Each structure stands twice: as structure tokens, then as C-alpha cells.
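Remarks on the structure that follows.
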Amino acid sequence: MDFAAIVEAIDGFVWGWAMIVLLLGTHLFMTVRTKFIQRKIGTAIKLSVSRADGEAEGDVSQFGALTTALAATIGTGNIVGVATGLLFGGPGAIFWMWITGVFGIATKYSETYISVKYRVKDETGEMLGGAMYALERGFQWKTAGKVLAVLFAVFAFIASFGIGASVQSNSLAGVVTAYIPFSNDQQLLGANMLIGALLVVLVGVVIIGGVRSITKVTEKLVPLMALLYATGCLVIIIMNWAYVGEAISLILTCAFTGKAAFGGAVGSGLALALQFGFKRGLFSNESGLGSAPLVAANATTKNPARQALVSMSGTFWDTVIICAITGVMLVSTMLANPSIAEGILNGQITAAAQLTTTAFASIPVLGPIVLAVGMVLFSYSTMLGWAQYGNRAVMYLFGKKGIRPYQVVFLIFVFWGCIGGGELVWNISDITNALMAVPNCIAVLALSSVIVKGTQHYVYDGNLDEADNAEIPTVARKS
């Protein structure tokens, strides 16, 4: 058995029913425990675009923290990830992706709440937070909490090289080169190497500046790229309007019956729909993963509930809106163009990027341009966001001395992704995502009473503007 086959086997095991139960169970449990916090999405969106919380402590604005998290989440998971779910899990996978977003809002709120509540700061005043600090400071069993904290940081550190670097550059290179006719593989490799070198420069000049440098870019980039991509999807949906109703019906039917679709061209079966729906849903919105709270802890906010609400709005935009319109766009396009299914069956379309490219090609002239630009912006911003996530994990594990070496290795993986294998990279990322989710979900579930008490006080008792004056501990920074 070769390495790729071994990784695929591990991926299938890790993403078995136990992981699905853990994630969906956490989503549902916290939805109930927070009294369906999803109903506060209007307040969350309003807070996300509000001005910084006055004299509150923090390094970046609430909006800056949100856009950095969105930069990491609105990426290839929305473009290529949805198409991957459709190819291997069938149309039903799109529904389960959407469900992870709806119920995952409660988990995103909860994991951010404990990240901000248990955050610390270093001697320079910079905030440090995330599941590792929540586990270390809030867990009743201190030894177990420390072990889980270290495990989470290690998994986040490793995951950043896959989900944050290689996957993004691999998908970007695949979409860009899809529009260029190459006469041989050497020309394709040369183009991929050129793309990789350019990405290394563009990513490197920003991540060296740290969280403030990254948020300055994401605050401007994220709204632009999301609007551009969503507009392209909506144009295609309007063009395929006669098939939209049938597309939605097919998505719902396949979600609960595992019905074969498009003559067996895409995955079928309820188990596959669930598996790929949850895998790609988590990859897209990262609820339960514990990634967004790593940077949310840097936000200038009066109390944990305010930033938790802001962070949960990111899951709403990412999955409930963008992934949903991507899924409807792809399925309606396949219904309107039966030749796409034929292309999948005869092997002409073998990759998710090709499927998305084919769909956007239905918009004359502008379609391919919108997709190419969207993919470049999405992938680039995701690399920036995940570089910061990895930065936080390295700080916890090794201190400041580990930051520069980490950034160098991160950039190497950015380059490698452009010339490396696609499915292998996706599978490795799936595995590390799952491993991150385990200690993070344990933290959320174990500290759920703390989350419930704070949510009742701040959100439901009308004290959302109240400042949390609890002292934020200062920790010695490792030299």
C-alpha cells in the first residue's frame, strides 16, 4: 500500500461516525444549551460592523478579528470544497454542509466565548487565546487540560501547513492553469512553480508583520472577494433559473435517501452524503475546529459574549449563505448542462476544480475571469488567516523564537502545494482538521456551564454593553 492509500485509509477512519457524532452532537448540544443563539444573528451582524469597544483591551478591532477569521474560512472550501462534496458525496452532501453551518453557529459562538474569557497576554500586552488557554485555565482536571491544550496546539500547528498553505495554493494553481493550454507536463510544472514563487512573496510580505498587518489586508480584501464571488454565483443561478427548483429538490432528496444523481456521475448513498457533507462543511466554516478563536482572542471587546456573537456571524456568511449558493449554482448548472455529467462519467472531468471551472464558463467572457480572480483572492486570504492561526499555536508551544522558523516552513508548504498532489493534500488536511476538533470540542462541552451562565447574563439579560473587568493574566513569554 503506497503512502497516498495509507493517508486515504486513515482519513476514512478518522472521519467515521464517531467524528460525525462528536461534531453534530456538539453543534446540537450547544444550540440547546445557548437557547438557540442562532436567533441573535441580527445582533451579531450589527456588532461585527460596529466601531471598536472603546477602552476595552485588545490588539485589533472586532471587525478585524472577524475578517481575519473569514479570510481563513471563506476560501477553497467554498469554491472547490463544495464541488468536492458534490462529486464524491452527491447533491445530498450540500445539504449536510449547510446543516453544519446552521447548527455550527452555536459551536462557533461557544468556542470563541471561552477563548476570549480565558485569554492571557504577554509582557508586551499582546493577547494570546484559543482552546489551549481555555483548557489550561478553565479545565477542572489541570493535568488533563494541559495535555489536551498541547495536543490542540500541535494539531493546529500541523493543520496550518495543509488547510492553510498547501491546499490553498494547490487549488489556486489548478484553477489558474486550467485556462492555459500547455503542450507538455514540463510547461505545466514551470507555470506552477512560477505561481508558487509569486505566492511565497505575496504571503511572506504580509505575515511577517503579524496580526495587525494581516487584519489591515483582510479588512479590505474579504468584503470585496465575497461580494465578487457571490455575484458570480447568483448570475449563474439566474441563468439557470428554470432548474433551480429541481436543484433544491434534488439536494434535499439525496440528503435523506442517498438517491443516485446525474446517472451515477457523482457520489451516491446516505453515508457518503453525510461523510462528505460534514467533512467539507467543517473544512469550510471550521465550527468546532477551534481555529477562529485563535485570532478572536486578539479582538478589542468589552466582554466575551460580544466577540462570540461577532465570530458566529462568520459561520452564517461562510456556510449558510456562500456555500449554499455555491451548491445550488453547481447542481442547477449540471441539470442545465447534461454534458457535464457525461464529462464526469467518461473521465473528462475528474477534479472538483474542473467542475467549478465548467460552471463559471457558462458566463460568457466574464465567468472564467470572476472565478480565477475569486480563487486567487480566496486562497491568498486563507493563507494569511491560517498563517496567523499557526503563529498562535507556535507561540504556545515554542514561544517567540519559533515564529520565524514557522513562517519559513509555512511558505515552503505554500510553494509545495502548487506542485504537489491534490487529493493527497485534501486528505491530510481532513485528518488534521479532525484531530484539532477533538480537544476543542472537549473544551466546549466541559466548559458549557461557563458559556451558558455568561450568555444568560450578557445576551439574554440585556447586559451586552457591560464591561468584563476581570483581570487578564500576564504570562511569561518563552525566549
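The values are calculated or read from the model by the stated rules, or taken from the named source; none is laboratory data. Values in this document were obtained by computation on a predicted structure and should not be read as measured data. Positions of Cβ are generated from backbone atoms using ideal geometry, with glycine treated the same way; all protein chains shown enter the neighbour counts. Heads up: the accessible areas ignore ligands, DNA and RNA and are worked out on the full protein's heavy atoms, side chains in. Shrake-Rupley method; radii C 1.70, N 1.55, O 1.52, S 1.80 Å.
Looking for something in contact (Cβ under 8 Å) with a residue 24 or more places away in the chain and closer than 26 Å to Leu22 by Cα - is there at least one such residue anywhere in region 374-385?
Yes, region 374-385 has at least one match.
In this structure, is Glu111 outside any loop (DSSP other than H, G, I, E, B) and open to solvent by 40 Å² or more (accessible area, probe 1.4 Å)? In short, no.
Restricting to region 26-40, name every residue that is open to solvent by 30 Å² or more (accessible area, probe 1.4 Å) and in a helix (DSSP H, G or I). Scanning region 26-40 gives Leu28, Phe29, Val32, Arg33, Arg39, Lys40. Output yes when any residue across region 325-334 is over 14 Å from the mean Cα position of the chain (by Cα), aliphatic (A, V, I, L, M), closer than 21 Å to Met375 by Cα and open to solvent by 10 Å² or more (accessible area, probe 1.4 Å), and no when none is. Scanning region 325-334, I find at least one residue that is over 14 Å from the mean Cα position of the chain (by Cα), aliphatic (A, V, I, L, M), closer than 21 Å to Met375 by Cα and open to solvent by 10 Å² or more (accessible area, probe 1.4 Å), so the answer is yes. Checked against (1) in contact (Cβ under 8 Å) with a residue 24 or more places away in the chain; (2) under 25 Å from Tyr229 (Cα atoms), Val365 passes all but a single condition, namely (1). Taking the conditions exactly as written (hydrophobic (A, V, I, L, M, F, W, C) and surrounded by 14 or more Cβ atoms within 10 Å (Cβ to Cβ)), does Ala134 satisfy them or not? The answer is yes for Ala134. The criterion of at least 2 residues that are under 22 Å from Phe63 (Cα atoms) is met, among helices (runs of 4 or more DSSP H) falling completely within region 296-410, by 304-315, 366-398.
Exactly one residue among Ile340, Ile419 is closer than 18 Å to Gly174 by Cα and either surrounded by 17 or more Cβ atoms within 10 Å (Cβ to Cβ) or in contact (Cβ under 8 Å) with a residue 40 or more places away in the chain (or both), and that residue is Ile419. State whether the residues of region 97-104 include one that is closer than 25 Å to Ala372 by Cα, open to solvent by 10 Å² or more (accessible area, probe 1.4 Å) and part of a helix (DSSP H, G or I). There is at least one residue in region 97-104 that is closer than 25 Å to Ala372 by Cα, open to solvent by 10 Å² or more (accessible area, probe 1.4 Å) and part of a helix (DSSP H, G or I). Only one of the numbered conditions (1) in contact with an Asp or Glu (Cβ under 9 Å, 6 or more places away or on another chain); (2) at positive phi; (3) not aromatic (Phe, Trp, Tyr) is not met by Gly90, and that is (1). Return the residues of region 435-471 that are surrounded by 14 or more Cβ atoms within 10 Å (Cβ to Cβ), part of a loop (DSSP other than H, G, I, E, B) and among the hydrophobic types (A, V, I, L, M, F, W, C); say none if nothing qualifies. Scanning region 435-471 gives Leu447, Leu464, Ala467. Listed by first and then second residue, the pairs linking a residue in region 286-312 that is surrounded by fewer than 24 Cβ atoms within 10 Å (Cβ to Cβ) to a residue that is of a type in the set (S, T, N, Q), with Cβ atoms under 7 Å apart and 6 or more places separating them unless they lie on different chains, are Thr300/Ser61; Thr300/Gln62. Within region 258-270, residues that are part of a loop (DSSP other than H, G, I, E, B) and polar (S, T, N, Q) reach partners that are modelled with pLDDT under 75 and open to solvent by less than 20 Å² (accessible area, probe 1.4 Å) with beta carbons closer than 7 Å, at six or more positions or on different chains, in the pairs Ser268/Gly258. Among the residues examined, Gly314 does not qualify as in contact with a helix residue (DSSP H, G or I) (Cβ under 7 Å, 6 or more places away or on another chain) and within 28 Å of Glu342 (Cβ to Cβ).
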